[in-house]
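Since the structure comes first, as structure tokens, the remarks are kept for the end.
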Amino acid sequence: MDLNLSGKTALILASSQGLGFAIAEQLVREGANVVISGREEEKLKAKCKQLAAIGKGKAVYQKADIMKPADIKQLVSHAVETFGTIDMLVNNAGGPPAGSFEELTDEEWQASFELNLLSYVRTIRAALPYLKQQGGKILNIASSSIKEPIPGLILSNTFRTGIIGLSKTLASELAPYNILINTIAPGRIGTDRVKHLDQVNADKQGIDIKMVEEQMKAQIPLKRYGTPEEFANVAAFLLSDANSYMTGSALLVDGGMVKAI
Ligand SMILES: NC(=O)c1ccc[n+]([C@@H]2O[C@H](COP(=O)([O-])OP(=O)(O)OC[C@H]3O[C@@H](n4cnc5c(N)ncnc54)[C@H](OP(=O)(O)O)[C@@H]3O)[C@@H](O)[C@H]2O)c1
């Protein structure tokens with residue numbers, strides 16, 4: 001199967017580490033050019049060096065806080081000025097804070113709306129003129145909460161399902177431009193975010209984080225967390241020319257964790 005990613009350009013939001021960075025690595029290995037982003041310049045510089053060492057596609061970075069509309073516009077401009085256009089847009093963001101309904105304030109709800117949903121809307125809007133030029137792919141990173149709410153993560157449970165409504169609607173609206181949009185939903189992939197959530201859980205139960213990890217893994221049919229690379233393999237397919245007929249879909253990458261059909 002030829003992914004045909006060589007020479008194509010990907011803009012990846014929130015990609016200085018974790019799932020976003022794993023997708024950048026995978027695309028660069030396939031010869032694509034990538035723009036990575038995040039809020040910390042030094043971290044981005046180091047990650048760009050790591051991508052350059054792969055010796056295939058080119059990598060540049062742009063410091064951008066996706067909570068800020070001006071940063072999003074600048075990020076898109078930087079990608080276009082550097083590589084001429086955008087063929088692939090990967091929407092990603094930091095995770096929302098854990099908490100139950102009665103613990104969360106209006107400010108936390110508003111911040112999560114802006115981080116986990118509105119940032120995707122704004123970036124799609126800014127990148128659309130370029131995606132329309134030649135057609136392309138949009139990939140949204142969400143969560144397994146799109147299928148089954150996660151206890152103690154009501155902000156994720158609420159706003160990730162909004163991504164599905166957005167994506168399904170845009171699949172129809174953007175099909176005439178040959179822009180395919182899909183969502184990829186991680187279950188438990190071993191990143192800092194999952195470590196953080198396991199620690200929150202451990203503190204709540206007053207047990208060691210290792211015990212929480214064991215409890216979690218026991219609920220996953222494959223009995224382990226996924227690796228960022230395994231997640232990025234699925235993303236690379238959805239972003240590639242090999243995917244020519246999937247749009248408006250949501251794919252779980254969860255080792256079988258979600259039991260819902
Ligand atoms: N890993 C999983 O199994 C899993 C499962 C379900 C859902 N998810 C969701 O998938 C997304 C990615 O997860 P991950 O595991 O890769 O998380 P991660 O390791 O915490 O990485 C988050 C990335 O987002 C960036 N970021 C955070 N806030 C930002 C902002 N305001 N502007 C720009 N960049 C920002 C961070 O960079 P800076 O801090 O340097 O800005 C970092 O690069 C998250 O929304 C997470 O909740 C992950």
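If you check Ile261 against the conditions, is it in a loop (DSSP other than H, G, I, E, B), within 15 Å of the ligand (Cβ to nearest atom) and not assigned by TED's automatic domain parsing to the domain that holds Phe21? Spelling it out, it is not the case that Ile261 is in a loop (DSSP other than H, G, I, E, B), within 15 Å of the ligand (Cβ to nearest atom) and not assigned by TED's automatic domain parsing to the domain that holds Phe21. For segment 17-56, the set of residues classified as open to solvent by 10 Å² or more (accessible area, probe 1.4 Å), small (Gly, Ala, Ser) and more than 9 Å from the ligand (Cβ to nearest atom) consists of Gly31, Ala46, Ala52, Ala53, Gly55, listed by residue number. Whether a residue is among the aromatic types (Phe, Trp, Tyr), at pLDDT 95 or above and in contact with a Lys or Arg (Cβ under 7 Å, 6 or more places away or on another chain) was assessed, and Tyr177 passes this test.
Checking each residue in segment 187-229 for being surrounded by fewer than 16 Cβ atoms within 10 Å (Cβ to Cβ) and either under 22 Å from Ala24 (Cα atoms) or touching a Pro at 6+ places or on another chain (Cβ under 8 Å) (or both) picks out Asp192, Lys195, Thr227, Glu229. Note on segment 172-211: among residues that are within 15 Å of the ligand (Cβ to nearest atom) and charged (D, E, K, R), the one that is farthest from Gln134 (Cα to Cα) is Asp198. In the set (1) of a type outside the set (Asp, Glu); (2) surrounded by fewer than 19 Cβ atoms within 10 Å (Cβ to Cβ); (3) within 16 Å of the ligand (Cβ to nearest atom), Thr169 fails one condition alone, (3).
The values are calculated or read from the model by the stated rules, or taken from the named source; none is laboratory data. If you're wondering where the values come from, they're calculated on a predicted model, not measured in any experiment. Cβ: placed from backbone, ideal geometry, glycine included. Neighbour counts: every protein chain shown. Heavy atoms of the whole protein, side chains included, go into the accessibility calculation; ligands, DNA and RNA do not. Shrake-Rupley method; radii C 1.70, N 1.55, O 1.52, S 1.80 Å.
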